[in-house]
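Undergrad: Sharing a structure, written as structure tokens. Questions coming.
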Amino acid sequence: MIQRIAVLGSTGSVGTNTLDVVARHPDQFEVFALSAAQRVDLMLAQCAQFRPQFAIMASEPHGHELARKLAQNGLATRVLMGPEALETIAGHEQVDAVMAAIVGAAGLASCLAAARAGKRLLLANKEALVVGGEVFMRAVNEGGARLLPIDSEHSAIFQSLPEDPATWNDRVDKIILTASGGPFRTRSPASLREVTPEQACAHPNWVMGRKISVDSATMMNKALEVIEARYLFGLPPQRLEVVIHPQSVIHSMVQYRDTSVVAQLGTPDMRVPIAYGLGWPARIASGAQALDFSRLADMSFESIADADHPQRFPGLRLAWDTLEAAPGTTAILNAANEVAVEAFLAGRIRFDQIHQTNLETLSRVTSSKPGTLDELLALDALARQAARQAIVKLSG
């Protein structure tokens, strides 16, 4: 049976890798819809290759431009525009699976729509869980959606856990997320104030977008992944751990009650967890290069408490701090970080001021314990406003 797929965020790194895997299995997958923010020409090329019924652009000007180019090329794909269109497609009755790869809080509403509609939801959007938290998981459970994590770390954990989620709490001692340490793992903490956006985006192992590359450099991405793991797997925060593994070969691990550790290994290629999510419970070809153990360098590990790591990556601790605070506090952290990273990439604040912005925002905004999407978005907007005020203060 062919799965009809909506790829939300199709022009980003996860989206393009998803389509690469899909193209290898034309007998198993059909692309029903694609979405993008601004990259009209790439969307046009994707529509020409996969012939989706719908293409969604975030804004009307980009949508009208795409519609003109589709017509000029004789393509029948129908263009939709705006966030409401994303929700419509995510819950569409003809869609079997949704790849949720829209970066940031902008992807939350469509994730909720897919969850409520009971879709097979391939989650590459951290913010659905970091911002949505209990609200999102309630929608998943009430809608009967099948939630499959696509982040390499969470996919690795999912593959390493027992098949029956009801046994996780009793059989598992802790979850161990691995982190590469990014480009500044050995750099002096005092020198980080001089880091440029280009340096922060030069990840040693992964090819990613600019925002997530900066998050990797600050290790805020790992803080967000700890929060995500808390909601995905249901273990309390004190049973979630992070270890630095520079080679990015072991993607994460599960330690059981008997101290046995089950780990998932593979080449650092996003097509591997994507293929796992697309094919689950079967295994399908990803197109990634197989791990060659005869050429594998020694694997090393470092505690996040070692040497200068707490000073080099101060944002990591915020994961546990916000999980232990009032519900919604993780949404405040996420909003502050998005605004701070944007300001850093625009040259308005220094690299080390990303963490300062996050701390200042958390001190200014108190969670309202949101219970609906509107309340989540209101809290997100309030946190963004506070973060912008903090940036003005820092850069003044």
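The values are calculated or read from the model by the stated rules, or taken from the named source; none is laboratory data. The structure presented is a predicted model; accordingly, all values stated were derived computationally and were not measured. Glycine also receives a Cβ, built like all others from the backbone with ideal geometry; neighbour counts cover every protein chain displayed. Side chains included, ligands, DNA and RNA excluded: accessible areas come from the protein's heavy atoms. Shrake-Rupley method; radii C 1.70, N 1.55, O 1.52, S 1.80 Å.
Undergrad: Determine how many Å³ per residue the convex hull of the Cα atoms of the range 177-316 encloses.
TA: 146
Undergrad: Within the range 157-235, report the chymotrypsin sites (Phe, Trp or Tyr not before Pro) that DSSP leaves as loop and that have at most 16 other Cβ atoms within 10 Å.
TA: TRP206
Undergrad: For the range 269-353, what is the convex hull (Cα atoms) projected area averaged across all directions, in square nanometres?
TA: 9.9
Undergrad: For the range 148-210, I need the span (max minus min coordinate) of the C-alpha atoms along each principal axis, in Å, sorted largest to smallest.
TA: 48, 23, 14
Undergrad: A further question on this structure: What is the Å³ per residue value for the convex hull set by the Cα atoms of the range 351-396?
TA: 61
Undergrad: Where does the charge balance sit around GLU342 when Lys and Arg score +1, Asp and Glu -1, over other residues with C-beta under 11 Å from its C-beta?
TA: The answer is +4.
Undergrad: When Rg is the radius of gyration of the Cα atoms in the range 215-288 and Rh is its Kirkwood radius, what does Rg/Rh come to?
TA: 0.98
Undergrad: So with the 1.4 Å probe, I'd like the accessible area per residue for the range 90-193, rounded to whole Å².
TA: Result: 34 Å² of accessible area for each residue.
Undergrad: Something else now. State the percentage of accessible surface on the range 107-155 attributable to carbon and sulfur atoms; use a 1.4 Å probe and exclude ligands, DNA and RNA.
TA: 38
Undergrad: Something else about it: Hand me the chymotrypsin sites (Phe, Trp or Tyr not before Pro) from the range 241-322 located in a DSSP loop with no more than 13 other Cβ atoms within 10 Å, in residue order please.
TA: PHE301
Undergrad: Where in the chain lies the longest segment free of GluC sites (Glu not before Pro) that are both loop residues by DSSP (not H, G, I, E, B) and have at most 15 other Cβ atoms within 10 Å?
TA: Formally, the longest exposed-site-free interval is 164-323.
Undergrad: Then there's this: Quick one: putting +1 on the C-beta of Lys and Arg, -1 on the C-beta of Asp and Glu, what dipole do you get for the chain around its Cα centre, in Debye to the nearest 20?
TA: For this selection, approximately 540 debye.
Undergrad: Suppose we flag trypsin sites (Lys or Arg not before Pro) only when DSSP calls them loop and at most 13 other Cβ atoms lie within 10 Å. Which is the longest uninterrupted stretch of the chain?
TA: The segment 1-256 is the longest one with no such site.
Undergrad: Right, another one. Say the dipole of the range 280-396 comes from +1 at the beta carbon of Lys and Arg and -1 at that of Asp and Glu; which of THR357, ALA336, GLY396 then lies farthest toward its positive end?
TA: GLY396
Undergrad: So how compact is the chain: Cα radius of gyration and Dmax in angstrom?
TA: Rg, Dmax (Cα atoms, Å): 20.5, 64.
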